[in-house]
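Only one structure is covered here, and it is reproduced in the block below.
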Amino acid sequence: MTTISTALPSGRLLEDSKDFLKKIGINVKEPANRELISYENGYTFYFPRAFDVPVYVENGVDIGICGSDVVLERNNEVYIPLELPFGKCRMSIILPENREISFQKMEGYKIATKYPEITKNFFSEKGLKVKILKLNGAVELAAKTGIADAIVDIVDTGNTIKANNLKEAYKIMDISAVLLVNRITQKTKFDFINDLINKAKNYKNGVK
Ligand code: PRP
Ligand code: MG
């Protein structure tokens, strides 16, 4: 039997990832207390931080699931055969509620974000220089306290920005969960990967 290693994102995408895999015939086992690996039916499941899933897949883990935001930010060498029908949200520029300014006028702005690469690329493509303040989470606090002029972050329901008196000023991109495949696995376990992609596509078409 082919054994397959799978990197799953800890955090808010985990439940949807497990549900999706179940629907295509892969049962994920919860790891035991504080453990970061589980084994089930020829599968090994790894539970890294969501931000590190592409790093695992680039470095030898067969497949993984994470958000397209993470893939763009990390820029690892992985094969992304398809978007998955969950984890839909957006990456936006967010401002204090009372600030009126278009992103074209943000030259010199200090922008806090967990996504320095995406932020840098967005503004430099528009020909604008901004200062980037890299934070590791709860980024809304930087705009709320005023340590940054704006933030670039994920918006899903919009509850977090609303609760912090912020507003979504400009959508940079739509985000979705994606399937990741290791470049070598893509060739050496071709039949398995092909079958997995077909099942995932069928599932995706079914939920549309
Ligand atoms: C994410 C994101 C936003 C929030 C968006 O943060 O960074 O803060 O969720 O969701 P909403 O629009 O439904 O409120 P998360 O709670 O994952 O943690 P982190 O920012 O501290 O990493
Ligand atoms: Mg947050």
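The values are calculated or read from the model by the stated rules, or taken from the named source; none is laboratory data. Note that this is a predicted model, so its numbers are computed, not measured. Because the Cβ atoms are built from the backbone with ideal geometry, glycine has one as well, and the counts that use them run over all protein chains shown. Heads up: the accessible areas ignore ligands, DNA and RNA and are worked out on the full protein's heavy atoms, side chains in. Shrake-Rupley method; radii C 1.70, N 1.55, O 1.52, S 1.80 Å.
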Tally of residues being farther than 30 Å from E117 by Cβ and among the small types (G, A, S) across region 9-63 | 4
Of the criteria (1) free of Cβ contacts under 8 Å to residues at least 12 places away in the same chain; (2) open to solvent by 50 Å² or more (accessible area, probe 1.4 Å), which one K110 fails = (1)
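Of the residues that make up region 69-76, is at least one of a type in the set (A, V, I, L, M) and assigned to a loop (DSSP other than H, G, I, E, B)? Steps first, please.
Of the residues in region 69-76, the ones of a type in the set (A, V, I, L, M) are 70-72.
Checking the rest, the ones that are also assigned to a loop (DSSP other than H, G, I, E, B) come to none.
No, every residue in region 69-76 fails to be of a type in the set (A, V, I, L, M) and assigned to a loop (DSSP other than H, G, I, E, B).
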Subset of region 139-194 [under 24 Å from V53 (Cα atoms), open to solvent by 80 Å² or more (accessible area, probe 1.4 Å) and of a type in the set (F, W, Y)] | F190
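Report whether or not T160 is over 28 Å from S10 (Cα atoms) and within 16 Å of ligand 2 (Cβ to nearest atom).
Details: over 28 Å from S10 (Cα atoms): no; within 16 Å of ligand 2 (Cβ to nearest atom): yes.
It is false that T160 is over 28 Å from S10 (Cα atoms) and within 16 Å of ligand 2 (Cβ to nearest atom).
Criterion first (within 16 Å of ligand 2 (Cβ to nearest atom), under 23 Å from R12 (Cα atoms) and in contact (Cβ under 8 Å) with a residue 24 or more places away in the chain) does M173 satisfy it?
Details: within 16 Å of ligand 2 (Cβ to nearest atom): no; under 23 Å from R12 (Cα atoms): yes; in contact (Cβ under 8 Å) with a residue 24 or more places away in the chain: yes.
No: the conditions fail for M173.
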Take I26 and decide whether it is assigned to a strand (DSSP E or B), surrounded by fewer than 23 Cβ atoms within 10 Å (Cβ to Cβ) and among the aliphatic types (A, V, I, L, M).
-> no
With criteria (1) open to solvent by 30 Å² or more (accessible area, probe 1.4 Å); (2) away from ligand 1 (no atom under 16 Å from the Cβ), L133 comes up short on (2)
Select from region 29-54 the residues that are charged (D, E, K, R) and either touching a residue at least 24 places away in the same chain (Cβ under 8 Å) or not in a strand (DSSP E or B) (or both) and list them in ascending order.
-> K29, E30, R34, E35, R49, D52
(1) touching a Ser or Thr at 6+ places or on another chain (Cβ under 9 Å); (2) away from ligand 2 (no atom under 12 Å from the Cβ): which one isn't true of E140, the others all being true?
-> (2)
Output the residue which, of all residues in region 1-23 that are surrounded by 19 or more Cβ atoms within 10 Å (Cβ to Cβ) and assigned to a loop (DSSP other than H, G, I, E, B), is farthest from ligand 2 (Cβ to nearest atom).
-> L8
Given E100, E117, E125, E107, which one is more than 15 Å from ligand 1 (Cβ to nearest atom), among the charged types (D, E, K, R) and under 21 Å from the mean Cα position of the chain (by Cα)?
-> E117
Working only within region 29-49, note down all residues that are within 25 Å of S176 (Cβ to Cβ) and open to solvent by less than 30 Å² (accessible area, probe 1.4 Å).
-> F45, F47, P48
